[in-house]
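Please treat every number below as a calculation from the coordinates, not as lab data. Given the structure is predicted, the values throughout are model-derived calculations rather than measurements. Heads up, the Cβs are rebuilt from the backbone with ideal geometry, glycines too, and the neighbour counts pull from every protein chain shown.
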Amino acid sequence: MKAEDLLRRYLEQRREMGETELVLDGLSVDEVMKLVGIKRGGRAAPVERARPLIAESDIRGSVGEPASSGWRDALPAVPAVPEAPSAATPRPPRSAPFAEQVAAEVATPSAPKAPAAPGLVVGSADGERIPGEIGAATDLVQLAELIRRCTRCDLYKTATNAVPGEGNPHAGFMCVGEAPGAQEDATGRPFYGQAGLLLTKILQAVNLSREEVFILNVLKHRPPGNRNPLPEEVSACRPYLVRQVALVAPKVILALGTFAAQSLLETKLSIGKLRGSVHRYHGIPVIVTYHPAALLRNPAWKRPTWEDVQLARRILDGASA
């Protein structure tokens, strides 16, 4: 398949997900033209490289296995344009590990932010009654055991381990991702790969340890090949998510990535439209930001993510006060 066709398929998939914004890791227009081999001045621009554009598995879980989507594997890449360093904000070299880059950048103080606008509201502050043994679970340990034995959809047939979630059972800060990736499936732990390491770094930047927060995914079993979750799978897992939120009763929820945000907030709006507002999920504030694995692909999203996490931290501090 031609590079132009692969790129078109990629853009169509992003549009189907409700995204209208696209960041290509700092690539210039000329570099994108070279990437897809578009003719310029009657000649085809040469493709400079033939390595995969994306080294991570996908935007959901760990980055330990190759991407499963053919268009991701086949798209060639060109070197990214170096970012111009700012005198006020020294940047580490682009060759430095991404986690260290984020840790260095987020240490820079930000200007005071204006109050965030109110966003979408899902459910009521009274919560939602979940019938059956899921709703009858009185603690996270009991609920985790139900998740490990779950057969509500077919994902358990292909998964190695269920991934119930982990962390402080009384956490004020909750992180919700999409679905387990390969390493999460192998270990039974959420955010266990490189994306998990990056999430830990980001949390540390706002003085939160992984042990202080509660981390979980919308889906509790890995979809085969890291494919997108099906609506019936989301529906089957939803009672577990609702009950987990009720049992933990966090002060703020950080939704990581498009799918987690859209699932929590029951919307098709893109992440660009959901960011920057304070939404409500059964009375609990929800802040939407990019998935850590997406940051590994798009370093330009580091600063917006830092702003989102700061906003979530301010909400946590205000609730604690």
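Pairs with C-alpha atoms separated by more than 26 Å, drawn from the list Lys220/Lys268; Lys251/Lys302; Lys157/Lys251; Lys157/Lys201, are Lys157/Lys251; Lys157/Lys201.
Quick check: from the Cα gyration tensor, does segment 178-321 come out rounded (a/c under 1.5), prolate or oblate? It is rounded, given that a/c, with a ≥ b ≥ c, falls under 1.5. With a simple spin-label model that places each label point 7 Å from the Cα along the Cα-to-Cβ direction, the separation between Glu145 and Glu212 comes to 3.2 nm. Each of Lys157, Lys302 was scored by other Cβ atoms within 10 Å of its Cβ. Listed from fewest to most, they are Lys157, Lys302.
Looking at segment 117-320 alone, DSSP beta bridges between its own residues are antiparallel in about 25 percent of cases.
From the alpha carbon centroid of segment 224-292 to that of segment 166-188 is 13 Å.
What do you get for trypsin sites (Lys or Arg not before Pro) in segment 221-294 restricted to DSSP loop and a cutoff of at most 14 other Cβ within 10 Å of the site's Cβ?
Those that pass, being in a loop and sparsely packed, are Arg227, Lys268.
Positive contributions from Lys and Arg (+1) and negative ones from Asp and Glu (-1), summed over other residues with Cβ under 12 Å from the Cβ of Thr151, come out at +4. With K and R counted +1 and D and E -1, the other residues having a Cβ less than 9 Å from that of His282 yield a net charge of -1. Compute the relative contact order of segment 117-320 as a whole-number percentage, counting only Cα pairs closer than 8 Å that sit 6 or more residues apart in sequence. Across segment 117-320, relative contact order equals 29 percent. Between rounded, prolate and oblate, where does segment 138-200 land on the alpha carbon gyration tensor, with a ≥ b ≥ c its root eigenvalues, rounded for a/c under 1.5, else prolate if a/b exceeds b/c? It is oblate, given that a/c is not under 1.5 and a/b is not larger than b/c. Among residues other than Val121 with Cβ under 15 Å from its Cβ, the summed charge is -2 (Lys and Arg +1, Asp and Glu -1).
Taking other C-beta atoms within 10 Å as the exposure proxy, Asp139, Asp308 rank Asp139, Asp308 from fewest upward.
Calculate, for Gln310 and Arg129, the FRET efficiency according to 1/(1 + (r/R0)^6) with r their C-beta to C-beta distance and R0 45 Å; round to the nearest 0.05.
Values: r = 35 Å, r/R0 = 0.77.
Approximately 0.85, to the nearest 0.05.
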